[in-house]
Amino acid sequence: RPMEWSKASKDAAYEAEVQMDNTDRVVRETADMRNELESYLYDMRDKIISESHLRNFCTDEEREAFSSALEKTENWLYEDGFDAVKSVYFDKLSDVKKMGDPIQFRYKESQSRSQSVSVLQRSIEKYKNWVQMAQGNDKFEHITDDEINMCYAKCDDVSSWLYDMLDKQGALPLSANPAFTVEEVQNKARELSSTISPVMNKPKPVPKKEEKKEEKKEEKKDEKVEKEQTSKKEAT
């Protein structure tokens with residue numbers, strides 16, 4: 001006949017199942033963290049000495065210290081750290097990343113800088129051309145001189161900032177932290193757009209001719225009514 005389970009037996013079985021699931025999850029997460037650490041060590045070990053990757057983006061002292069840390073961590077991983085817990089692998093990865101992240105940051109900035117600068121330069125040129133075209137143009141007569149001057153000043157301000165930063169960056173070696181970041185360039189582009197775009201797209205005020213026509217119609221209507229009333233009084 002079917003086995004009858006008491007509530008206590010069911011609860012105990014459920015707890016055992018949950019415990020096994022937790023154990024399996026911890027094993028998986030530990031293995032994943034170990035693999036992540038191992039992959040990082042291998043990846044950085046090759047890139048830090050590669051001319052096409054990170055070698056030129058760190059000083060000799062930084063490269064030697066980072067290479068040494070990678071080697072020590074790798075030796076630990078295959079010896080004492082082979083059966084370590086997840087938190088230990090995480091701490092080891094964090095330690096080497098503290099040395100590697102600044103170097104990777106310089107490399108990534110170098111790869112993206114040119115494109116972001118070009119985008120900002122094109123935006124500055126586009127808005128400057130519009131400001132010059134808008135002056136004296138009947139199409140934009142609803143835009144005030146103060147608004148035009150504000151747009152022109154913003155273009156000059158952003159342009160001056162950009163070329164000042166490019167001059168500073170040009171004087172730095174690849175192994176130094178950048179004078180400006182790609183994020184700063186993107187922020188300047190958004191700042192420029194948010195200042196000038198509303199002025200560019202400012203709608204013309206609604207013509208008042210229609211209002212005058214309506215007023216005249218009302219006046220004529222009132223006059224007609226008044227004449228009719230006067231005619232009726234005279235007839236009476």
If you check residue 27 against the conditions, is it part of a helix (DSSP H, G or I), open to solvent by 80 Å² or more (accessible area, probe 1.4 Å) and modelled with pLDDT under 95? yes
List the number of the failed condition for residue 71; all other conditions in (1) open to solvent by 50 Å² or more (accessible area, probe 1.4 Å); (2) not in a helix (DSSP H, G or I) hold. (2)
Cβ pairs under 6 Å, 6+ apart, first in the range 188-204 and over 12 Å from residue 147 (Cβ atoms) and modelled with pLDDT of 95 or more, second open to solvent by 30 Å² or more (accessible area, probe 1.4 Å) and among the β-branched types (Val, Ile, Thr): none
Cβ-Cβ distance below 6 Å, separation of 6 or more or different chains: which pairs start in the range 168-182 with a residue that is of a type in the set (Phe, Trp, Tyr) and end on one that is at pLDDT 95 or above and surrounded by 12 or more Cβ atoms within 10 Å (Cβ to Cβ)? 180/165
Would you confirm whether or not the range 43-58 contains a residue that is open to solvent by 40 Å² or more (accessible area, probe 1.4 Å), of a type in the set (Asp, Glu) and not in a helix (DSSP H, G or I)? yes
For the range 169-183, enumerate the residues that are open to solvent by 80 Å² or more (accessible area, probe 1.4 Å) and assigned to a helix (DSSP H, G or I). 183
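The values are calculated or read from the model by the stated rules, or taken from the named source; none is laboratory data. Everything numeric in this text was worked out from a predicted model, so none of it was measured. Counting neighbours? That spans all protein chains shown, and the Cβs are built from the backbone with ideal geometry, glycine included. Side chains included, ligands, DNA and RNA excluded: accessible areas come from the protein's heavy atoms. Shrake-Rupley method; radii C 1.70, N 1.55, O 1.52, S 1.80 Å.
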